[in-house]
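**Student:** Let me give you the structure first, and then I'll get to my questions.
The values are calculated or read from the model by the stated rules, or taken from the named source; none is laboratory data. Just so we're clear, the structure is a prediction, and the values are computed from it rather than from any experiment. A quick note on method: Cβ atoms are made from the backbone with ideal geometry, for glycine too, and the neighbour counts reach across all protein chains shown. Accessible surface areas use protein heavy atoms only, side chains included; no ligands, DNA or RNA. Shrake-Rupley method; radii C 1.70, N 1.55, O 1.52, S 1.80 Å.
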Amino acid sequence: SGVDSLHNFLLHSHTLRAQFTQMVVDRNGKQVQNASGLMQFSRPGKFRWVYEKPYAQLIVGDGVKVWMFDADLNQVTVKKLDKALGSTPAALLAGNNEIERNFDLIDGGRGEGLEWVEASPRTQDGSFEKIRLAFRDGTLAVMELRDHFGQTTTIRFLQLELNPKLAAKLFVFTPPAGADVVGD
Amino acid sequence: CAAPTVRQMGAAVPPHTFQLQGRIGVRYGTQGFSGNFNWRHGVQDDEILLLSPLGQAVARIERDPTGVRLDTSDGHYAAQDAAELTQSILGWRLPLDGMQYWVTGQQAPDGAANITRDAAMNVIRLRQQQWEIEYPEYRAEGAYVLPSRVVMRNGTLELKLVVDKWTLP
């Protein structure tokens, strides 16, 4: 079932690397964003989420804080990891058992070779109303995020590598010289 | 909202309505926010969505002749003025009244404005209503020449806007 696939995935994926595409659709079904990039994580709490298109944005979780850098804005926004958990699905994927602790999990059915699991946050303070994850043969394939405004983000993972060797420096972020740094 | 009929040589006067997709970087002291910024500006109404990089709406601001509403994941708020509302709820002022003109490189109709233009007659600096606005970059958009980067400062508050896409009537 979807819930079993999620548990197995969390159990066996210590590190992970994958390309991803991200599409955001608003409440009227209009596509408002199309992005793509590379995602890597190293459990617990470390991840590097790089947007390459349509513009350069980087989100790094170093296990303590989450750093978000937008190259065009030349601004770094820093959040404590636990505060960011609600708003950074990457943190959920790279978390210890946050998704089991903070979300109610139910099977989301099966279709087109995908097994779905639905995760509803136990507390409503995060920015998600619902998260859906899909697995193909036990491997993470799709993450769908719905917020409180009817916006739906669909992230598809491609060329996923399970437990690759990832350099520690990938999960360390140093603000570039001259960048504005804001947050805690 | 009648736009002033300031004739910019070469470029047509920017449209009264537009849609803008871009990113906003907010900084006030050591605090701040950055995310995607989608703005639909109509003749009588506005809808602004502040999004996280992953596309989640962090806040939605709606304005129409009756007033301004701000929705976040933990509440719904209303006021007469967008700047007051965003200041009290989000901690920083979004000067929507002036911004609907400033973002297209125009001065707002009310309040004296101090303007500096470049050789192509595009506004590169504008001071109005305690705001200082700079336009480091413009881009041709059909018949118009519109800012693709805008920096707005008021005291310790700085709003940096990068416009990725203009959608014009």
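**Student:** In segment B:22-37, which residues are within 7 Å of another protein chain (Cβ to nearest Cβ), surrounded by fewer than 21 Cβ atoms within 10 Å (Cβ to Cβ) and part of a strand (DSSP E or B)?
**Tutor:** Passing the criteria: only B:GLN31.
**Student:** Something else: Does A:ASP82 qualify as being assigned to a loop (DSSP other than H, G, I, E, B) and without any contact (Cβ under 8 Å) to a residue 60 or more places away in the chain?
**Tutor:** So A:ASP82 fails the test.
**Student:** In segment B:40-58, which residues are farther than 17 Å from A:VAL76 by Cα, of a type outside the set (A, V, I, L, M, F, W, C) and part of a loop (DSSP other than H, G, I, E, B)?
**Tutor:** Those that are farther than 17 Å from A:VAL76 by Cα, of a type outside the set (A, V, I, L, M, F, W, C) and part of a loop (DSSP other than H, G, I, E, B): B:GLY42, B:GLN44, B:ASP45, B:GLY55, B:GLN56.
**Student:** Of the numbered conditions (1) open to solvent by 20 Å² or more (accessible area, probe 1.4 Å); (2) in contact (Cβ under 8 Å) with a residue 60 or more places away in the chain, B:LEU146 satisfies every one except a single condition; which is it?
**Tutor:** All conditions are met except number (1).
**Student:** Out of everything in segment A:131-184 that is assigned to a strand (DSSP E or B) and of a type in the set (Lys, Arg), what residue ends up being farthest from the other protein chains (Cβ to nearest Cβ)?
**Tutor:** Result: A:ARG136.
**Student:** For segment A:32-48, give me each residue that is modelled with pLDDT under 90 and assigned to a strand (DSSP E or B).
**Tutor:** A:VAL32, A:GLN33
**Student:** For segment B:78-102, what are the residues that are over 28 Å from B:PRO14 (Cβ atoms) and within 14 Å of chain A (Cβ to nearest Cβ)?
**Tutor:** Across segment B:78-102, the qualifying residue is only B:GLY91.
**Student:** For A:LEU38, only one of the following conditions fails: (1) within 13 Å of another protein chain (Cβ to nearest Cβ); (2) under 12 Å from the mean Cα position of the chain (by Cα); (3) open to solvent by 10 Å² or more (accessible area, probe 1.4 Å). What is its number?
**Tutor:** (1)
**Student:** Hey, among the residues in segment A:49-74 that are over 21 Å from A:GLY178 (Cβ atoms) and open to solvent by 50 Å² or more (accessible area, probe 1.4 Å), which one's modelled with the highest pLDDT?
**Tutor:** Result: A:GLU52.
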